[in-house]
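**Q** For reference, the structure I am asking about is given below.
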Amino acid sequence: MLINSFLENYDSTKVKKESGLIRIRFIVNCHGETDRFRIMQSDLNYKEKVFDKNITNQLMAITKALDGWGQKYMEDGTSVDYWQFLNFKIVEGKIVKILP
Amino acid sequence: MKYLTLILILFSSSFLFSQPNCNSFLWEGDTIKYNACKLSEKFVDYYQFDMRGQAILDSCILICPYYAWPYFEKASTYIKSGNFLKWNYYINKSYEYDPINTLPYRASCRAKFFADYVGAISDINELDSLVSFDIGYTNGGTYHLNVWKGLCYKNLDSFDIAAKIINDHIQKQPDAIGFYDYLHLGVCYQKLEMHEQALECFEKQINYNDLSEIWYYSAISFKALGMHDEYNSSIKKAQEYLSNGQTLVGGFRTLDDEIFQYELDQLISN
């Protein structure tokens, strides 16, 4: 389960106690493979900020390791690429919610 | 159920921030907003993420910087791509020029996409203070904003407040009970260890939508009450419905109290 991947692999003891939102967006190609990971960060008031690398690097590494993404098809059966994103709400360095 | 769905769709759409009738701005004597509005009608010719459509919205803003609708549409585009920085900028501009039409959507998104429950509650309270009519529904139409406020409190672990708000809504507006209201109310009671009340709600929920979640949460309450036969039959039904895909459906996101096979397996193994 996606949430468990983060709960089991994210170590909040070795990060700064920062809070805010982190979005990781990536593409899932027609073979179900992921690439083009992009990150966006803000404080809890939606103002841009840069998190401690120990937080973002962990989230990025776990996200990149996720697999099992579904494939999307057009009506004619052609498989297509699609964008996917995960929003992480971080409070005091801990993941409190993974959305949407 | 079909009639309820139709009514909800009609009601919810009436509270969405739809493209205005441009002539209303002429009637108000605002030709600048009228011109921006007429241009904005061309936006619907394009796919939402098409830069040509976005350029039309930008032009509308240039023509009439106090016209809320193009800001709202740009915010709607950005949130779908997960760009919360630009979403926040544009939705706040929309709010600045048209708070009544913007607040339902901002309250919905703050809770749905950012777990900003305090912000969502604040938006709903502000909307309530601004209007004398019913405050309406979330942007997807699934929840009345009163219930949405209750769900925000539930997510803040204030189950007693959440239960009171949702129950008050059901009592005051029995014709506006949502698809999943009784389920969420039941889960609030369950968190408060009021299992009899929780089970009453789950039973009522069956009349609106018979879902795997009803039986999963019923099983939890039956277990707490030591009702083993009922627990076993509920687990069986939860699994049957889950396997058939008869569950909460959110589309864009995971809904409150939605369950997956993992949760059911955990309950069975404990």
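Every read-out reported here was derived from the displayed coordinates using simple, explicitly stated rules and does not represent laboratory data. All values derive from a computational prediction rather than experimental measurement. Heads up, the Cβs are rebuilt from the backbone with ideal geometry, glycines too, and the neighbour counts pull from every protein chain shown.
**Q** What is the helix-to-structure angle for A:53-65, meaning the angle in degrees between its Cα long axis and the longest Cα principal axis of chain A, kept from 0 to 90 and rounded to the nearest 10?
**A** 20
**Q** Pop the C-beta distance of B:SER129 and A:LYS94 into the FRET formula with R0 = 45 Å and round what comes out to the nearest 0.05. Please list the in-between numbers first.
**A** On the way: r = 34 Å, r/R0 = 0.77.
The value I calculate is 0.85.
**Q** Rounded to whole Hz and in sequence order, give me ³J(HN,Hα) for the stretch A:7-15 from the Karplus expression 6.51 cos²θ - 1.76 cosθ + 1.60, θ = phi - 60°, writing x for Gly and Pro.
**A** Along the stretch A:7-15, the couplings run 5, 7, 9, 8, 10, 7, 6, 10, 10 Hz.
**Q** Tell me, B:PHE252, A:PHE88 in order of fewest to most beta-carbon neighbours within 10 Å? Spell out each step's value before the answer.
**A** Values: B:PHE252 11, A:PHE88 23.
Going from sparsest to densest Cβ surroundings: B:PHE252, A:PHE88.
**Q** For a 23 Å ceiling on Cα separation, which of these pairs sit above it: A:LYS14/A:LYS49; A:LYS47/A:LYS97; B:LYS80/B:LYS112; A:LYS97/B:LYS164; A:LYS64/A:LYS89; A:LYS47/B:LYS154?
**A** Working: A:LYS14/A:LYS49 20 Å; A:LYS47/A:LYS97 19 Å; B:LYS80/B:LYS112 12 Å; A:LYS97/B:LYS164 25 Å; A:LYS64/A:LYS89 18 Å; A:LYS47/B:LYS154 26 Å.
Flagged as over cut-off: A:LYS97/B:LYS164; A:LYS47/B:LYS154.
**Q** In addition: Summing Lys, Arg as +1 and Asp, Glu as -1, what charge do residues with Cβ under 9 Å from the Cβ of A:GLU18 carry, A:GLU18 excluded? Intermediate results must be reported in sequence, preceding the final value.
**A** Values: positive: A:LYS16, A:LYS17, A:LYS49; negative: A:ASP43, A:ASP52, A:GLU92.
Neighbourhood net charge equals 0.
**Q** Another question, then. How far is helix B:68-80 tilted off the main Cα axis of chain B, in degrees rounded to 10, range 0 to 90?
**A** It works out to around 50 degrees.
**Q** When a/c is below 1.5 the answer is rounded, else prolate if a/b is larger than b/c, else oblate, so apply that to the stretch B:180-270 with a ≥ b ≥ c taken from the square roots of the Cα gyration tensor eigenvalues. Walk me through the numbers on the way to the answer.
**A** On the way: a/c = 1.57, a/b = 1.17, b/c = 1.35.
Oblate, since a/c reaches 1.5 and b/c is not below a/b.
**Q** Would you please give the residues with an amide H less than 5 Å from that of B:TYR137, counting only those at least 5 places away or on a separate chain, with H modeled from the backbone geometry?
**A** B:LEU145
**Q** Which net charge results for the neighbourhood of B:CYS22, defined as the other residues with beta-carbon distances under 9 angstrom from its beta-carbon, given Lys and Arg at +1 and Asp and Glu at -1?
**A** On the way: positive: B:LYS33, B:LYS38; negative: B:GLU41.
Combined, the nearby Lys, Arg, Asp and Glu give +1.
**Q** Given the Cα-Cα distance of B:ASN155 and B:LYS80 and 0.36 nm per residue of separation, how much length would full extension add, in nm? Intermediate values should be presented prior to the final figure.
**A** On the way: separation 75, 0.36 × 75 = 27.00 nm, distance 2.28 nm.
Contour length minus Cα-Cα distance gives 24.7 nm.
**Q** Let me ask something additional. Sort by residue number and report every cysteine in chain B with no other cysteine beta carbon within a distance under 4.7 Å.
**A** B:CYS60, B:CYS64, B:CYS109, B:CYS152, B:CYS188, B:CYS201
**Q** Net charge near A:ASN54: determine it from the other residues with C-beta under 14 Å of the C-beta of A:ASN54, scoring Lys and Arg +1 and Asp and Glu -1.
**A** On the way: positive: A:LYS14, A:LYS16, A:LYS17, A:LYS53, A:LYS94; negative: A:ASP11, A:GLU18, A:ASP52, A:GLU92.
Combined, the nearby Lys, Arg, Asp and Glu give +1.
**Q** Here is a further query. Taking the beta-carbon count within 10 Å as an exposure proxy, list B:GLU213, B:GLU28 from fewest neighbours to most. Mind showing how you got there, number by number?
**A** Working: B:GLU213 28, B:GLU28 10.
With the fewest neighbours first, B:GLU213, B:GLU28 line up as B:GLU28, B:GLU213.
**Q** For B:GLU200, put the label point 7 Å out on the Cα→Cβ axis and report which residues of the stretch B:152-172 keep their amide N under 20 Å from it.
**A** B:159-172
**Q** Counting each DSSP H run of 4 or more residues in the protein assembly as shown as -39500 (n - 2.57), what helix-only mean residue ellipticity at 222 nm follows after dividing by all residues, to the nearest 500 deg cm²/dmol? Intermediate values should be presented prior to the final figure.
**A** Values: 17 runs with 209 residues, N = 370.
Calculated from helices alone, the mean residue ellipticity at 222 nm is -17500 deg cm²/dmol.
**Q** I would also like to ask the following. Any idea which of A:PHE37, B:GLN239, B:ILE166 is furthest toward the positive side of the dipole for the protein assembly as shown, if Lys and Arg beta-carbons carry +1 and Asp and Glu beta-carbons -1?
**A** Most positive-ward Cα: A:PHE37.
**Q** Set the Förster distance to 45 Å, then compute FRET efficiency between B:GLU96 and A:ASP81 from the Cβ-Cβ distance, nearest 0.05.
**A** On the way: r = 37 Å, r/R0 = 0.82.
That gives a FRET efficiency of 0.75.
**Q** Would you please classify the overall shape of the protein assembly as shown from the alpha carbon gyration tensor, given that a ≥ b ≥ c denote the square roots of the eigenvalues, rounded means a/c under 1.5, and beyond that prolate means a/b larger than b/c while oblate covers the rest? Write out the running numbers ahead of the final one.
**A** Working: a/c = 1.74, a/b = 1.27, b/c = 1.37.
It comes out oblate by the Cα gyration axes.
**Q** Okay, moving on. How far is helix B:2-15 tilted off the main Cα axis of chain B, in degrees rounded to 10, range 0 to 90?
**A** Between the helix axis and the principal axis of chain B, the angle is about 40 degrees.
**Q** Based only on other Cβ atoms within 10 Å, what is the fewest-to-most ordering of B:ILE268, B:ILE161?
**A** On the way: B:ILE268 11, B:ILE161 17.
Taking fewest neighbouring Cβ atoms as first place, the list is B:ILE268, B:ILE161.
**Q** Over chain A, with a Gaussian network built from C-alpha contacts below 10 Å, which listed residue (A:THR78, A:THR34, A:THR63) shows the highest mean-square fluctuation?
**A** Result for chain A, Cα springs under 10 Å: A:THR78 fluctuates most.
**Q** Report, as an integer, the average count of C-beta atoms from other chains found within 10 Å of each Cβ along A:89-100. Intermediate results must be reported in sequence, preceding the final value.
**A** Details: counts 4, 0, 1, 0, 0, 0, 0, 1, 5, 2, 8, 12.
Mean inter-chain Cβ contacts per residue within 10 Å come to 3.
**Q** May I ask you to derive the relative contact order of chain B, considering only C-alpha pairs under 8 Å and at least 6 residues apart, and to give it as an integer percent? All intermediate terms of the calculation are to be shown ahead of the outcome.
**A** On the way: 341 pairs, mean separation 28.8, N = 270.
Reported as a whole number, the value is 11 percent.
**Q** Taking θ = phi - 60°, what integer Hz values does the Karplus form 6.51 cos²θ - 1.76 cosθ + 1.60 yield along the stretch A:22-35, in sequence order, with x for Gly and Pro?
**A** 10, 10, 10, 10, 8, 9, 10, 7, 5, 9, x, 9, 9, 6
**Q** Sticking with this one: HN-Hα J couplings of the stretch B:195-208 from phi, Karplus 6.51/-1.76/1.60, θ = phi - 60°, integer Hz, Gly and Pro as x?
**A** 6, 5, 5, 4, 5, 4, 5, 4, 5, 5, 4, 4, 5, 9
**Q** Could you check the spin-label model distance between B:GLU41 and B:TYR262? Points 7 Å from the Cα along Cα→Cβ, value in nm.
**A** Here the modelled spin labels are 5.0 nm apart.
**Q** While we're here: Hey, got the average number of other protein chain Cβ atoms within 10 angstrom for residues in B:76-89? Write out the running numbers ahead of the final one.
**A** On the way: counts 0, 0, 0, 1, 2, 5, 12, 5, 9, 8, 2, 1, 6, 1.
The shielding value for this peptide is 4.
**Q** Something else now. Testing the spin-label approximation: label points 7 Å from Cα along Cα→Cβ at B:ARG52 and B:TYR66. State their distance in nm.
**A** With each label point 7 Å from Cα toward Cβ, the separation is 3.3 nm.
**Q** In percent, what relative contact order does the stretch A:2-94 have, based on Cα pairs under 8 Å that are 6 or more apart in sequence? Intermediate values should be presented prior to the final figure.
**A** Numbers: 153 pairs, mean separation 39.8, N = 93.
Computed over the stretch A:2-94, the figure is 43 percent.
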